[in-house]
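Asker: To start, I am sharing the structure in question, which I have written as structure tokens.
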Amino acid sequence: MDRRKLLKITSASLGFALSGGALTAFMSTCNSDTIKKNNNNILTIDQLDLVRSLSEIILPATDSPGAEDAKVTAYIDLAVAEYFSVSEQNDFFKILEYFNGQSLKLFDLTFQKISVEKQNKVMHIAAKEAAENKKHPFSQFRALVISAYFTSELVSTKVLNYDPVPGPYQGCLPIEDVGNMNSAI
Amino acid sequence: MAYAEYFLTSIISRAPHFCPMNINGKAKKENQFDAIVIGSGISGGWAIKELTEKGLKVLLLERGRMIKHGDYPMSNLDKWEVPNRGKLSSEDLKDYKIQSKPGYNMDQFTKDFWVKDTEHPYNQIKPFDWIRGYQMGGRSLVWGRQTYRLSDLDFEANAKEGITIDWPIRYKDLAPWYDHVESYIGVSGQKEGLAQVPDGVFQKPMELNCIEKHVKERIAKNYSDRLLTIGRVAHITKEGGHMGRGTCMTRNRCMRGCPLGAYFSSNASTIPAAEKTGNLTIRPFSIAHSIIFDSESQKAVGVNIIDSENKSTLQFYSKIIFLNASTLNSAAILLNSKSSRFPNGMGNDSGQLGHNIMDHHFLIGATGRYDGYKEMYYKGRRPNGIYVPRFRNIDSRTKQKEFLRGYQYQGGGKRESWWRTSEEEKFGAKFKDRLIEPGDWTMSLHGFGECLPYHDNKMSLNYNKPDEWGLPTLDLDVEWKDNEKAMRKDMEQQAIEMLESSGLKDVQRFEFPCVPGLGIHEMGTARMGNDPKHSVLNKWNQIHAVKNVFLTDGSCMTSSACQNPSLSYMALTARAVDHAVKELNKRNL
């Protein structure tokens with residue numbers, strides 16, 4: 001990993017309030033070999049894993065693809081690395097810290113170490129706490145996941161109605177005639 | 001003497017220097033034209049088309065880069081094929097702090113059609129968002145395509161209300177030119193027979209969707225003084241295309257440039273038409289510095305330009321000049337064209353040059369949701385919205401106590417998409433499955449209001465803060481005043497009432513900060529009028545005192561009306577060219 005990326009991660013880490021060994025362990029590794037092997041951009045293996053779990057809880061696979069099918073984690077990793085400013089990256093890492101913090105508070109373990117049922121509980125409480133507050137870490141993370149999901153090629157072309165050249169506008173017809181909600185252009 | 005005059009414009013050493021020119025035969029042949037047009041935007045494009053088609057050899061000076069129709073690399077890309085899924089990052093936005101303010105205009109696909117604020121600074125004496133596109137075609141590549149005629153209600157308003165000066169024309173003067181332009185560019189719209197916004201030459205109207213039809217019917221039932229219709233828009237809806245341009249496929253990727261040519265831009269339409277005549281020379285990267293005035297003949301004889309790439313200075317000469325550099329830039333060029341005859345800028349005997357700046361104020365209205373039509377949806381992404389024509393201050397019955405003039409509504413309906421989060425479930429399987437389906441129908445009415453002409457709303461040239469080409473930057477001093485503020489209260493109230501009486505729920509007002517300039521309809525800096533003491537241009541868009549210079553962009557507007565103005569710029573241009581060529585043939589110019 002080049003020095004620029006290393007610096008970004010280090011300064012992001014400095015933005016955290018260290019609160020216990022577990023948290024330190026979560027944030028510790030900036031192992032360039034591990035990162036290269038997994039084609040990561042900025043997130044560590046543990047962070048990728050956490051994002052994957054969180055995303056899949058928010059948008060699970062059902063009859064239609066879930067977050068992982070739509071490569072949401074990989075996209076978030078890329079976006080945070082390439083398109084987020086340093087302060088936006090810091091904010092993002094704080095969001096990840098929030099979820100682990102909640103998990104530790106409730107179950108004395110980080111998010112990845114608790115059962116799926118307990119993970120859902122953490123999410124429920126976070127969602128309730130967030131309520132209508134768009135700036136709450138839960139709301140922000142969910143917005144990121146939703147955006148990454150719905151602008152993905154898979155969802156835009158296979159789930160939503162992908163219609164790059166619709167022809168003349170037809171203003172009021174049954175949904176079945178269109179297929180599904182239009183994907184964004 | 002002539003030498004000294006040119007150095008009046010070179011006050012500081014960094015300003016460009018122009019060699020005194022010799023108009024008596026020594027001017028190079030390749031720099032001599034019948035007409036020069038400054039600016040290739042929506043009005044400049046019409047000037048070159050009409051001039052070249054009438055046989056004149058025309059030089060088009062455009063300050064930006066060349067963009068040939070079809071040269072639209074972003075037009076077919078999908079979100080996942082561009083950086084950041086199409087959104088601008090914080091890093092991107094550093095160059096576009098002001099240009100990104102309208103919101104809808106800027107993303108990864110369209111950012112190259114807007115200037116970088118870092119390269120084109122100006123000075124806000126009062127807040128003003130000056131939104132610009134400097135490339136071949138100008139903002140005709142990125143405009144909203146809403147196309148409405150002005151009427152005598154607009155042309156007579158100043159005179160009837162005793163506000164500033166009368167327009168020197170009436171609707172009957174412009175009507176045949178509206179016909180001429182609309183027939184050529186292709187306008188889709190619905191005839192409604194309203195005097196205040198006359199019907200035009202229309203192609204098939206675009207469809208209203210379910211909720212819009214619903215609201216239209218309810219408004220017709222609940223009100224006798226207003227109606228809702230489909231927007232009038234410069235998109236081709238005729239099957240088989242029009243004038244060699246393709247039919248609109250409702251892709252709604254317009255502002256990236258349309259390879260079909262389905263919406264009107266100079267690039268797709270008027271520039272190729274002019275090129276086809278063989279009479280057009282195009283010079284991009286050419287910033288107009290000033291218009292050259294010859295004191296002997298008391299005529300303009302040419303244009304001083306600065307090459308934007310290498311900063312060299314050149315002169316070009318012509319019999320007539322069409323100054324279509326957009327409202328603020330056209331006035332700036334005239335203000336910078338000083339001579340002993342025009343110490344305050346060319347054509348500025350009245351002192352009105354640079355004053356009376358108007359724009360449309362908007363960003364206020366209401367939205368609501370509707371509990372119905374759950375099985376219905378729409379096909380296509382219509383690049384157009386609804387239109388509620390002005391219904392205030394039309395006649396004695398609709399006269400308002402609180403404000404003069406009027407406003408229109410644009411807006412539209414849609415089904416909520418995956419942005420929505422007001423669901424019971426906050427995450428999980430049910431949450432996702434619901435987000436994949438269309439949400440509730442919602443409808444918005446977005447008010448768009450007229451601005452009165454105020455002398456105090458003005459611009460001036462700041463020679464102490466030159467740009468990188470040594471040209472003075474603009475000081476912009478504009479604000480909304482009492483009439484605009486009073487009108488906005490009604491704009492909001494009527495929107496709420498119309499949606500509520502249409503059976504919509506959760507009707508909420510909206511208002512976003514609306515700074516002059518954001519409407520991107522800035523106008524008025526070189527207004528038309530009958531009296532040279534109070535206006536810059538006469539009824540033919542000629543500068544009163546320099547009759548071979550024409551201004552037909554937004555600078556010429558004597559009042560702003562509430563209708564989107566670009567159609568009027570195009571019609572005024574075609575009419576002015578017709579007059580210019582007739583005058584040339586009569587040897588009056």
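The values are calculated or read from the model by the stated rules, or taken from the named source; none is laboratory data. Everything numeric here is computed off the predicted structure, so don't read it as measured data. Here the Cβ positions follow ideal geometry from the backbone for every residue, glycine too, while neighbour counts run over all protein chains shown. Keep in mind that these areas ignore ligands, DNA and RNA; they rest on the heavy atoms of the full protein, side chains included. Shrake-Rupley method; radii C 1.70, N 1.55, O 1.52, S 1.80 Å.
Asker: Residues in segment A:87-109 that are within 15 Å of A:Gln47 (Cα to Cα), more than 14 Å from chain B (Cβ to nearest Cβ) and open to solvent by less than 50 Å² (accessible area, probe 1.4 Å): how many?
Answerer: 8
Asker: Could I ask something else about it? Exactly one condition in (1) within 9 Å of chain B (Cβ to nearest Cβ); (2) open to solvent by less than 70 Å² (accessible area, probe 1.4 Å); (3) among the β-branched types (Val, Ile, Thr) is not met by A:Val122; state its number.
Answerer: Exception for A:Val122: condition (1).
Asker: Could I ask something else about it? If I filter segment B:285-293 for residues that are open to solvent by 30 Å² or more (accessible area, probe 1.4 Å) and either of a type in the set (Asp, Glu) or away from every other protein chain (no Cβ under 14 Å) (or both), do I get at least one hit? It would help to see each step written out before you state the result.
Answerer: As a first pass, look at segment B:285-293 and keep what is open to solvent by 30 Å² or more (accessible area, probe 1.4 Å): B:285.
With either of a type in the set (Asp, Glu) or away from every other protein chain (no Cβ under 14 Å) (or both) added as a condition, the list becomes B:285.
Yes, there is a match, as at least one residue in segment B:285-293 is open to solvent by 30 Å² or more (accessible area, probe 1.4 Å) and either of a type in the set (Asp, Glu) or away from every other protein chain (no Cβ under 14 Å) (or both).
Asker: Could you list, in sequence order, the residues of segment B:294-306 that are open to solvent by 10 Å² or more (accessible area, probe 1.4 Å) and touching a residue at least 12 places away in the same chain (Cβ under 8 Å)? Spell out the reasoning first.
Answerer: Pass one, segment B:294-306, residues open to solvent by 10 Å² or more (accessible area, probe 1.4 Å): B:294-299, B:301.
Across segment B:294-306, the qualifying residues are B:Asp294, B:Ser295, B:Gln298, B:Lys299, B:Val301.
Asker: Looking at segment B:170-191 only, could you name the residues that are open to solvent by less than 50 Å² (accessible area, probe 1.4 Å) and touching a Ser or Thr at 6+ places or on another chain (Cβ under 9 Å)?
Answerer: Step one: filter segment B:170-191 for residues open to solvent by less than 50 Å² (accessible area, probe 1.4 Å), giving B:171, B:173-175, B:177-178, B:181-182, B:184-189.
Result: B:Tyr171, B:Leu174, B:Trp177, B:Tyr178, B:Val181, B:Glu182, B:Tyr184, B:Ile185, B:Gly186, B:Val187, B:Ser188, B:Gly189.
Asker: Would you mention how many residues in segment B:546-559 are within 15 Å of B:Ala331 (Cβ to Cβ) and open to solvent by 10 Å² or more (accessible area, probe 1.4 Å)? Show your work before the answer.
Answerer: Here is the first cut: in segment B:546-559, the ones within 15 Å of B:Ala331 (Cβ to Cβ) are B:546, B:549-558.
Filter again for open to solvent by 10 Å² or more (accessible area, probe 1.4 Å), leaving none.
Count: 0.
Asker: What residue, among those in segment B:307-335 that are surrounded by fewer than 24 Cβ atoms within 10 Å (Cβ to Cβ) and of a type in the set (Gly, Ala, Ser), is nearest to B:Asn348 (Cα to Cα)?
Answerer: B:Ser318
Asker: Taking the options B:Leu141, B:Leu61, B:Leu77, B:Leu150, name whichever one is open to solvent by less than 20 Å² (accessible area, probe 1.4 Å), modelled with pLDDT of 95 or more and over 26 Å from B:Cys562 (Cβ atoms).
Answerer: Working: B:Leu141 fails: over 26 Å from B:Cys562 (Cβ atoms); B:Leu77 fails: open to solvent by less than 20 Å² (accessible area, probe 1.4 Å); B:Leu150 fails: over 26 Å from B:Cys562 (Cβ atoms).
Criteria check complete, one pass: B:Leu61.
Asker: Quick one: in segment B:196-205, which of the residues that are open to solvent by 20 Å² or more (accessible area, probe 1.4 Å) and farther than 17 Å from B:Gln408 by Cα is farthest from the other protein chains (Cβ to nearest Cβ)?
Answerer: Taking the candidates together, the pick is B:Val201.
Asker: Here are the criteria: (1) open to solvent by 10 Å² or more (accessible area, probe 1.4 Å); (2) out of contact with any Phe, Trp or Tyr (no Cβ under 6 Å at 6 or more places or on another chain); (3) of a type in the set (A, V, I, L, M, F, W, C); (4) farther than 28 Å from B:Leu353 by Cα. Tell me which single one B:Ala495 does not satisfy.
Answerer: (1)
Residues checked against (1) more than 25 Å from B:Leu328 (Cβ to Cβ); (2) buried (at least 18 other Cβ atoms within 10 Å of the Cβ); (3) out of contact with any Ser or Thr (no Cβ under 9 Å at 6 or more places or on another chain):
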residue: B:Leu499; (1), (2), (3): yes, yes, no
residue: B:Ser502; (1), (2), (3): yes, yes, yes
residue: B:Gly519; (1), (2), (3): no, yes, yes
residue: B:Arg527; (1), (2), (3): no, yes, no
residue: B:Ala561; (1), (2), (3): no, yes, no
residue: B:Leu567; (1), (2), (3): no, yes, no
residue: B:Met570; (1), (2), (3): no, yes, no
residue: B:Asp578; (1), (2), (3): yes, no, yes
residue: B:Asn585; (1), (2), (3): yes, no, yes
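Asker: Further question on the same structure: Please report, ordered by residue number, the strands (runs of 3 or more DSSP E) entirely within segment B:352-438 with at least 1 residues that are within 14 Å of another protein chain (Cβ to nearest Cβ), open to solvent by less than 30 Å² (accessible area, probe 1.4 Å) and under 17 Å from A:Ala184 (Cα atoms).
Answerer: Details: elements: B:361-370, B:376-379, B:407-415.
Per the criteria, B:376-379, B:407-415.
Asker: Moving to a separate point now. Which one is modelled with the lowest pLDDT among residues in segment A:35-50 that are over 18 Å from A:Ala67 (Cα atoms) and of a type in the set (A, V, I, L, M, F, W, C)? Give the derivation first.
Answerer: Looking only at segment A:35-50, we keep the residues that are over 18 Å from A:Ala67 (Cα atoms), and these are A:35-39, A:41-42, A:44.
If we keep only those that are of a type in the set (A, V, I, L, M, F, W, C) too, we end up with A:35, A:42.
Details: A:Ile35: 36, A:Ile42: 92.
Only one residue fits best here, namely A:Ile35.
Asker: For segment A:58-86, what are the residues that are at the interface with chain B (Cβ under 8 Å from one of its Cβ atoms) and more than 22 Å from A:Ser156 (Cβ to Cβ)?
Answerer: A:Phe84, A:Ser85
Asker: Return the total of residues in segment B:128-171 being closer than 30 Å to B:Pro272 by Cα and not aromatic (Phe, Trp, Tyr).
Answerer: 17
Asker: Quick check on my filter: what residues within segment B:181-208 are over 19 Å from B:Ala273 (Cβ atoms) and of a type in the set (Val, Ile, Thr)? Steps first, answer last, please.
Answerer: Going through segment B:181-208, the residues over 19 Å from B:Ala273 (Cβ atoms) turn out to be B:188-200, B:202, B:204-208.
Of everything in segment B:181-208, just one residue is over 19 Å from B:Ala273 (Cβ atoms) and of a type in the set (Val, Ile, Thr), namely B:Val197.
Asker: For segment A:142-182, enumerate the residues that are among the basic types (Lys, Arg) and more than 7 Å from chain B (Cβ to nearest Cβ). Quick ask: steps written out before the conclusion?
Answerer: Looking only at segment A:142-182, we keep the residues that are among the basic types (Lys, Arg), and these are A:142, A:158.
Within segment A:142-182, A:Lys158 is the sole residue that qualifies.
Asker: Quick one: B:Gln124 ticks every box in (1) within 14 Å of another protein chain (Cβ to nearest Cβ); (2) in contact (Cβ under 8 Å) with a residue 60 or more places away in the chain bar one, so which box is it?
Answerer: Going through the list (1) within 14 Å of another protein chain (Cβ to nearest Cβ); (2) in contact (Cβ under 8 Å) with a residue 60 or more places away in the chain, B:Gln124 breaks only (1).
Asker: Test B:Arg132 against the stated conditions and say whether it is in contact with a Ser or Thr (Cβ under 8 Å, 6 or more places away or on another chain) and not acidic (Asp, Glu).
Answerer: Numbers: in contact with a Ser or Thr (Cβ under 8 Å, 6 or more places away or on another chain): yes; not acidic (Asp, Glu): yes.
Here the answer is yes, as B:Arg132 does meet what is asked.
Asker: Could you look through segment B:81-94, keep only residues that are without any contact (Cβ under 8 Å) to a residue 24 or more places away in the chain, at the interface with chain A (Cβ under 7 Å from one of its Cβ atoms) and surrounded by fewer than 17 Cβ atoms within 10 Å (Cβ to Cβ), and pick out the one that is nearest to A:Glu153 (Cα to Cα)? Let's see the steps before the verdict.
Answerer: So in segment B:81-94, the residues without any contact (Cβ under 8 Å) to a residue 24 or more places away in the chain come out as B:81, B:85-93.
Narrowing further to those that are at the interface with chain A (Cβ under 7 Å from one of its Cβ atoms): B:85, B:89-91.
Filter once more, so that each one left must be surrounded by fewer than 17 Cβ atoms within 10 Å (Cβ to Cβ): B:89-91.
Details: B:Ser89: 20, B:Ser90: 24, B:Glu91: 25 Å.
So, considering only residues that are without any contact (Cβ under 8 Å) to a residue 24 or more places away in the chain, at the interface with chain A (Cβ under 7 Å from one of its Cβ atoms) and surrounded by fewer than 17 Cβ atoms within 10 Å (Cβ to Cβ), the one nearest to A:Glu153 (Cα to Cα) is B:Ser89.
Asker: OK, next. Considering (1) outside any loop (DSSP other than H, G, I, E, B); (2) in contact with an Asp or Glu (Cβ under 6 Å, 6 or more places away or on another chain), say which one B:Val201 fails and leave the rest.
Answerer: (1)
Asker: Same structure, new question: Between a first residue in segment B:550-572 that is in contact (Cβ under 8 Å) with a residue 60 or more places away in the chain and a second residue that is acidic (Asp, Glu) and assigned to a loop (DSSP other than H, G, I, E, B), which pairs have beta carbons less than 8 Å apart while being 6 or more apart in sequence or on different chains?
Answerer: Filtered contacts from segment B:550-572: B:Gly554/B:Glu522; B:Thr558/B:Asp166; B:Ser559/B:Glu450; B:Ser560/B:Asp359; B:Ser560/B:Glu450; B:Ala561/B:Glu450; B:Cys562/B:Glu450; B:Tyr569/B:Asp553.
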